[in-house]
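Before anything else, here's the structure in question.
The values are calculated or read from the model by the stated rules, or taken from the named source; none is laboratory data. As the structure is a computational prediction, the values presented were derived from the model and not from experiment. Virtual Cβ from ideal backbone geometry, glycine too; neighbours counted across all protein chains shown. We work out accessible area using only protein heavy atoms, side chains counted, and drop any ligands, DNA or RNA first. Shrake-Rupley method; radii C 1.70, N 1.55, O 1.52, S 1.80 Å.
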Amino acid sequence: MRTLTFYNHKGGVSKTTTTFSLAAYLASRCNKKVLLIDADPQSNLTENFFAPPAEDDDSALPGTSIYEALQPRFEGAAARVEVSKIVLPTHKLYKTLSILRGDWNFSLAERYFSNALALAITESVHEKHTYVVLYNLIQDLIGAHGFDHVLVDLGPASGAITNLALLSCDGYFIPVTPDRFCTQAVEALAKLVQRWIERHQKTVATFPPFGITSFPGEPRFLGTVSNAFKAYAGRTKKPYEYWERQILRIIASELLPKVPSHSSTAEYVASIKDFGGLAPVAHIVGKAIFDLDREDTKLTSAGGGAWSGVALESWLARAREYGDEIDKLARIVIDE
Ligand SMILES: Nc1ncnc2c1ncn2[C@@H]1O[C@H](COP(=O)(O)OP(=O)(O)OP(=O)(O)O)[C@@H](O)[C@H]1O
Ligand SMILES: [Mg+2]
């Protein structure tokens, strides 16, 4: 699987954290060349990538942002993005991991992409070019740099950016939290994805007379990832297990029979537990959570000394368990 994303319009279900972790895992443990694309105007992935944050808020981040890359197309100056002008910074620890970074201005893309979604089906050549620009950009970056995998981080939204970004990927995982609201979100998501795929087929059927190459727009569902961190942090697991089952029931009845899928059975392909205090430390040292070690515990202790004994064992075990779950996702991505 070359290009993929974690999609759920429900917020705070660990999309960004899992995206960064999986990308770092593929780069450092599986010897892959990986590109991250931050397609969420919140730019959390970008913050994560360049951690720790610069002391000076005004200091510009390195590299080209996704908005800067696409701007010539949005403004109608170019049919296709010139990828040789795009600068992709490399991660300071993970040398085969690069990023097309995020940008708060990318929220402006919502309007351009929504026009394209509404009007690419008409005779507007401009809107047809905008409709295919993100897919072409990803493919051209792969062609220019030889990335094995591209991971796109999406915001908690179901608007035009998310619609076109999801269709531009080969596959997607659905990260969930076991609760009522997420169950409701998955039900809506199943309908949305089907509608997007159907609408895409109708839109691109109008492209050939204009000589504009379309793209498949049929991303494959790769599996559901349970992020039960709230459950494991709480006292009782039983009510959460109820919602975990409800979510799988909806995936089985509303999604699997209706969209292209990696597997025909509804199951959790990974179950991520609470990694508690590891996240803020990872954000300071700029490592993926599975790579945190004894040295990093110094950042959490009042006296500045490294942890030892049971506390250290439990810290290392949580980092290791997290890595084991990320490994399950990496296997699917590599094998597909
Ligand atoms: N397994 C976990 N255990 C504990 N905390 C977690 C876990 N996964 C994520 N978090 C924390 O939950 C918060 C939300 O995670 P994250 O930003 O990755 O979610 P998101 O789905 O990308 O959110 P958004 O919808 O806003 O983009 C973060 O503070 C993150 O550190
Ligand atoms: Mg996010």
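Tally the residues that are open to solvent by less than 30 Å² (accessible area, probe 1.4 Å), more than 9 Å from ligand 1 (Cβ to nearest atom) and either in contact with a strand residue (DSSP E or B) (Cβ under 8 Å, 6 or more places away or on another chain) or without any contact (Cβ under 8 Å) to a residue 24 or more places away in the chain (or both), restricting the search to segment 2-54.
The total comes to 18.
Restricting to segment 184-201, name every residue that is away from ligand 1 (no atom under 16 Å from the Cβ), in contact with a helix residue (DSSP H, G or I) (Cβ under 6 Å, 6 or more places away or on another chain) and open to solvent by less than 20 Å² (accessible area, probe 1.4 Å).
A190, H200
Here's another thing I want to ask about it. Out of curiosity, is D296 in contact (Cβ under 8 Å) with a residue 60 or more places away in the chain and in a helix (DSSP H, G or I)?
In short, no.
Kindly indicate which of S264, S301 is over 17 Å from N227 (Cα atoms), open to solvent by less than 40 Å² (accessible area, probe 1.4 Å) and hydroxyl-bearing (S, T, Y).
S301
Continuing with the same structure: Going through segment 81-104 one residue at a time, which ones are within 19 Å of the chain's Cα centre (by Cα) and assigned to a helix (DSSP H, G or I)?
The answer is W104, and nothing else.
Are any of the residues in segment 269-287 more than 22 Å from V13 (Cα to Cα), open to solvent by 30 Å² or more (accessible area, probe 1.4 Å), at pLDDT 95 or above and in a helix (DSSP H, G or I)?
no
Residues are listed down the side, and each one gets a yes or a no for (1) out of contact with any helix residue (DSSP H, G or I) (no Cβ under 8 Å at 6 or more places or on another chain); (2) of a type outside the set (V, I, T); (3) within 29 Å of A228 (Cα to Cα):
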site	(1), (2), (3)
V125	no, no, no
Q139	yes, yes, no
I142	yes, no, no
G155	no, yes, yes
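Test K258 against the criterion of being of a type in the set (K, R), open to solvent by 30 Å² or more (accessible area, probe 1.4 Å) and not in a helix (DSSP H, G or I), and give yes or no.
yes
Hey, any hits in segment 265-273 for a residue that's within 22 Å of A330 (Cβ to Cβ), of a type in the set (S, T, N, Q) and without any contact (Cβ under 8 Å) to a residue 40 or more places away in the chain?
yes
What about P178, is it closer than 29 Å to R245 by Cβ and open to solvent by less than 40 Å² (accessible area, probe 1.4 Å)?
Taking the combined requirement at face value, the residue satisfies it.
Something else: Against the conditions (1) closer than 23 Å to F20 by Cα; (2) touching a residue at least 60 places away in the same chain (Cβ under 8 Å), where does S84 fall short? Just the number, please.
(1)
OK, next. Among the residues of segment 243-255 satisfying the criterion of being within 30 Å of S314 (Cβ to Cβ) and in contact (Cβ under 8 Å) with a residue 60 or more places away in the chain, which is most open to solvent (accessible area, probe 1.4 Å)?
Restricting to residues being within 30 Å of S314 (Cβ to Cβ) and in contact (Cβ under 8 Å) with a residue 60 or more places away in the chain, the top hit is W243.
For residues that are within 13 Å of ligand 2 (Cβ to nearest atom) and not in a helix (DSSP H, G or I), scanning just segment 148-172, find the one that is most open to solvent (accessible area, probe 1.4 Å).
So the residue we want is P156.
How many residues does segment 202-231 hold that are open to solvent by 70 Å² or more (accessible area, probe 1.4 Å) and under 24 Å from the mean Cα position of the chain (by Cα)?
The number of residues fulfilling the criteria is 4.
Within segment 1-34, can you find the residues that are within 9 Å of the chain's Cα centre (by Cα), within 13 Å of ligand 2 (Cβ to nearest atom) and not in a helix (DSSP H, G or I)?
Correct list: T5, F6, Y7.
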